[in-house]
Each structure stands twice: as C-alpha cells, then as structure tokens.
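Written below as structure tokens is the structure these notes are about.
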Amino acid sequence: MRIYLSVDMEGITGLVDRDDVQPGGRDYERGRSMMAEDVDAAIRGAITAGATEVLVNDAHGPMRNLLPEHLHPAARLVRGKPKNMLMLEGLTAEYDAAVCVGYHSRAGALGVLSHSFMGHEIEDIWLDGRPAGEIGLAHATAAALGVPVVALTGDDAACAEMTAWDESVVTVPVKYARDRFAAELRPAEEARRAIEDAVAAALTPVPKRPAEPEEESTLAVRWQSASVVAVLLGIPGVTATDSRTVQARGPLPALYRQLGVWMRVAASLTNQPPYC
C-alpha cells in the first residue's frame with residue numbers, strides 16, 4: 001500500500017499566527033518542529049494500517065519547512081520549489097490513498113489563517129461553479145488521478161470544509177477557530193494520537209478508487225488586481241468573466257497545473273509568494 005501525504009502548515013497543531021508559519025517569524029522554528037510532529041503521527045498511522053511506502057510533499061510557502069532529519073525514517077520527502085503540481089507534487093495514480101495534513105480553510109472563511117494559495121491576491125476560486133480552496137482543489141485533483149483523499153487534519157473550519165466537499169473523508173480537528181488568528185488548541189499529545197489513530201482507521205481496509213471524473217472542468221479565479229487578469233488573458237484558453245476574474249476549461253489535473261502558472265504570473269506582477 002502506497003500512501004501520499006500533502007502537508008501544509010497553517011492547520012498544524014498549536015499554530016495560529018503568521019509568525020508561527022512564515023520563515024523569519026519569531027516562532028517559525030517552533031512551528032516547523034510542530035509540523036514535523038503532526039506529519040510523523042500521520043506516517044505512524046499509515047504504517048499501522050500496512051503502508052509499505054509513504055511519500056511526503058512539503059506543500060507550504062517555501063516548501064522547505066520540514067527538516068529531513070526530523071521526519072519518520074519510513075517516509076520519503078519532496079522538498080523545495082517550483083513544483084508543477086503545487087501541493088500535490090509527486091502524486092500519481094500508483095498511490096492507493098492521499099492524506100492532507102495541516103490544511104486550512106479557503107479565503108473568506110472564518111478559520112485559522114484562512115486563505116486560498118495567495119493570501120493577498122486571490123479572493124475566490126470556483127471549480128465547476130462551486131466555491132473551492134486548497135482543500136477542494138486537492139480533493140478533486142487527486143480524484144482525477146484515481147487517488148482517494150481519505151483523511152485531513154487542520155482546524156475545525158478546515159475539517160468542515162472537507163466534510164462539505166466529501167463526507168467520507170475522516171477529519172481530525174487539532175484546534176478550534178476563535179478568529180483568523182486565534183484558536184482553542186487541543187493538547188499536542190492528544191492531537192497527535194488522534195491524527196495517528198484517524199489515519200490508521202481511514203486506511204483500513206484499503207480505500208476504494210474514486211469514480212471517474214467528468215472529462216472537463218471549469219476553473220475560475222477572482223484576483224484583487226485587474227492587471228493580473230490583463231496579463232493572464234495572453235494565455236490561450238483563458239477568458240475573463242469580469243475585470244478581475246479569469247476562467248479556463250479543461251481536464252484535471254491539467255487545470256491544477258495551470259493554476260500554478262497563473263499564480264507565478266501573479267507573483268511576478270504583485271511581488272507576492274506564488275503559493276502557500
């Protein structure tokens with residue numbers, strides 16, 4: 001059984017503020033240690049369920065947050081960027097299941113550190129007309145590859161977002177949002193036991209493959225800046241629905257890869273990180 005872990009940072013146990021998750025922040029070094037603990041708990045759960053291979057993708061910000069020496073020795077790590085497949089780099093149809101660790105809710109939600117990829121530039125994302133953030137796009141893209149997302153950890157808002165997207169996914173709330181930069185925290189050891197147990201349960205028995213997705217989907221993104229839209233219209237197949245919203249139609253995961261291109265263009269124009 002081959003298991004894939006996509007790991008973000010905003011939904012990690014104990015973290016609530018930018019200083020916890022951004023390099024240079026006063027608590028970032030502590031934050032990346034907490035991140036490794038949550039990831040190792042998920043890896044232990046996968047091994048308990050019978051995983052013979054675990055691939056971990058560091059999917060947050062600079063994508064160099066996890067230190068290899070702090071990672072469970074049974075796992076391999078994808079680290080650094082750029083990554084054509086963003087938060088799902090390395091995921092292929094050969095994997096039996098995917099787990100999202102440390103995820104957060106989409107832009108506009110009242111969740112801890114909520115945003116959608118580019119926190120200061122992307123206002124909204126829709127997939128086939130349905131509001132989506134990093135959670136929905138990860139789930140839909142994995143499904144298009146034939147890989148079920150079976151578990152997610154994060155705050156209660158992220159868990160609710162995943163449940164609304166797919167109620168079969170096992171979720172683990174490691175904190176409860178009081179506001180965007182405040183939360184009631186579960187004790188760290190309790191949270192990690194819950195992560196380990198939930199991942200093991202979600203993988204027992206081996207999950208079924210998701211149904212074949214529609215051949216094509218429509219991805220739309222609303223940006224804060226109209227100048228981003230003006231430049232993106234130079235990409236074949238991209239159209240505008242208004243001065244700040246672009247859309248494209250095509251199959252997943254190709255649309256997910258295209259989103260990465262859009263974000264790199266936006267980053268060059270706005271001086272913001274391409275994705276986080």
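The values are calculated or read from the model by the stated rules, or taken from the named source; none is laboratory data. Predicted, not measured: the structure shown is a model, and the values here were computed from it. Here the Cβ positions follow ideal geometry from the backbone for every residue, glycine too, while neighbour counts run over all protein chains shown. The accessibility values were calculated without ligands, DNA or RNA, using every heavy atom of the protein model including side chains. Shrake-Rupley method; radii C 1.70, N 1.55, O 1.52, S 1.80 Å.
Considering only residues in the stretch 248-259 that are in contact (Cβ under 8 Å) with a residue 40 or more places away in the chain and not in a helix (DSSP H, G or I), the one that is surrounded by the fewest Cβ atoms within 10 Å (Cβ to Cβ) turns out to be Pro251. Which residue pairs have Cβ atoms closer than 6 Å, lie 6 or more positions apart in sequence or on different chains, and pair a first residue in the stretch 67-93 that is basic (Lys, Arg) with a second residue that is modelled with pLDDT of 95 or more? Short answer, once both residue conditions are applied: Arg76/Leu55; Arg79/Asp58; Arg79/Arg64; Lys81/Met63; Lys83/Glu89. Selection of first residues in the stretch 120-149 that are more than 11 Å from Ala220 (Cα to Cα) and of second residues that are open to solvent by less than 20 Å² (accessible area, probe 1.4 Å) and acidic (Asp, Glu), restricted to Cβ pairs under 9 Å at least 6 apart or on distinct chains, gives the following pairs, ordered by first then second residue: Glu134/Asp8. Any residue at all in the stretch 96-108 that is closer than 17 Å to Thr153 by Cα, touching a residue at least 24 places away in the same chain (Cβ under 8 Å), under 15 Å from the mean Cα position of the chain (by Cα) and open to solvent by 10 Å² or more (accessible area, probe 1.4 Å)? Yes, the stretch 96-108 contains a residue that is closer than 17 Å to Thr153 by Cα, touching a residue at least 24 places away in the same chain (Cβ under 8 Å), under 15 Å from the mean Cα position of the chain (by Cα) and open to solvent by 10 Å² or more (accessible area, probe 1.4 Å).
Taking the criterion of being in contact with a helix residue (DSSP H, G or I) (Cβ under 8 Å, 6 or more places away or on another chain) and closer than 21 Å to Gly111 by Cβ, would at least one residue in the stretch 201-208 satisfy it? Within the stretch 201-208, not a single residue is in contact with a helix residue (DSSP H, G or I) (Cβ under 8 Å, 6 or more places away or on another chain) and closer than 21 Å to Gly111 by Cβ. The number of residues in the stretch 161-181 being in a loop (DSSP other than H, G, I, E, B) and without any contact (Cβ under 8 Å) to a residue 40 or more places away in the chain comes to 4. Within the stretch 198-237, the set of residues being within 25 Å of Trp165 (Cβ to Cβ) and of a type in the set (Val, Ile, Thr) comprises Val199, Thr204, Val206, Thr218, Val221.
If a residue has to be small (Gly, Ala, Ser) and in contact with a Leu (Cβ under 8 Å, 6 or more places away or on another chain) to count, how many in the stretch 221-249 make the cut? Talk me through it step by step, then tell me what you get.
Let us first name the residues in the stretch 221-249 that are small (Gly, Ala, Ser), namely 225-227, 230, 234, 237, 240, 243, 248.
With in contact with a Leu (Cβ under 8 Å, 6 or more places away or on another chain) added as a condition, the list becomes 225, 227, 240, 248.
The number of residues fulfilling the criteria is 4.
For residues in the stretch 213-237 being farther than 19 Å from Leu145 by Cβ and part of a loop (DSSP other than H, G, I, E, B), which is most open to solvent (accessible area, probe 1.4 Å)? Among residues in the stretch 213-237 that are farther than 19 Å from Leu145 by Cβ and part of a loop (DSSP other than H, G, I, E, B), the one most open to solvent (accessible area, probe 1.4 Å) is Pro236.
Criterion first (at pLDDT below 95 and in contact with a strand residue (DSSP E or B) (Cβ under 9 Å, 6 or more places away or on another chain)) does Val172 satisfy it?
Working: at pLDDT below 95: no; in contact with a strand residue (DSSP E or B) (Cβ under 9 Å, 6 or more places away or on another chain): yes.
It is false that Val172 is at pLDDT below 95 and in contact with a strand residue (DSSP E or B) (Cβ under 9 Å, 6 or more places away or on another chain).
For the stretch 182-205, a residue qualifies if it is in contact (Cβ under 8 Å) with a residue 40 or more places away in the chain, assigned to a loop (DSSP other than H, G, I, E, B) and open to solvent by 80 Å² or more (accessible area, probe 1.4 Å), and exactly one does: Thr204.
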